[in-house]
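Novice: To start, I am sharing the structure in question, which I have written as structure tokens.
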Amino acid sequence: MYGFLLALGLLADGQGANPAGGAPAAPGGGGGLFGGGMEMWLFMAVGFGLLYFIMIRPAQRKHRERKDALNRLKKGDKVVMAGGIVGTVYNTEESVPGVAEPVLSVRIDEKTKVTVLRSSIVQMIGAEAAVDSKKEQATTA
């Protein structure tokens, strides 16, 4: 196994003798799969940069947009809660003693009103329609 890894260049450090009996590697060569030295750090930096711009940044943007949409909820907006229940917001300024997270009141039926955490809202039907209409107006203007 050790010989196989040396043949691939994964364990070569450029300082020792070649176990296959050949000439030792040139001093200061670095060796290794990615060339060693500065090239390896550059390769890793580019990899982390790509990871940030492909995965982390879009997730942060999506989280920020969801938080903004939850904060824009107003009376009359239709929402879908985590359990799949659809209702209409009728009060956004409510607070529950002992609960630190913001809550809002949702009317499910004529006589049924519930108080839910804002984080339990999965989809904002009224808020999305308003955002879509604003996008359409911006594209036509």
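Novice: Do any strands (runs of 3 or more DSSP E) entirely within the range 30-107 hold 3 or more residues that are out of contact with any helix residue (DSSP H, G or I) (no Cβ under 9 Å at 6 or more places or on another chain) and outside the structural domain of Ser119 (by TED's automatic domain parsing), and if so, which?
Specialist: Strands (runs of 3 or more DSSP E) meeting the threshold: none at all.
Novice: Looking at (1) exposed (fewer than 14 other Cβ atoms within 10 Å of the Cβ); (2) at pLDDT below 85, which one does Glu65 not meet, given that it meets all the others?
Specialist: (2)
The values are calculated or read from the model by the stated rules, or taken from the named source; none is laboratory data. Small disclaimer: the values here were computed from a predicted structure and weren't measured. When we count neighbours, we look across all protein chains shown, and the Cβ atoms used for this are built from the backbone with ideal geometry, even at glycine.
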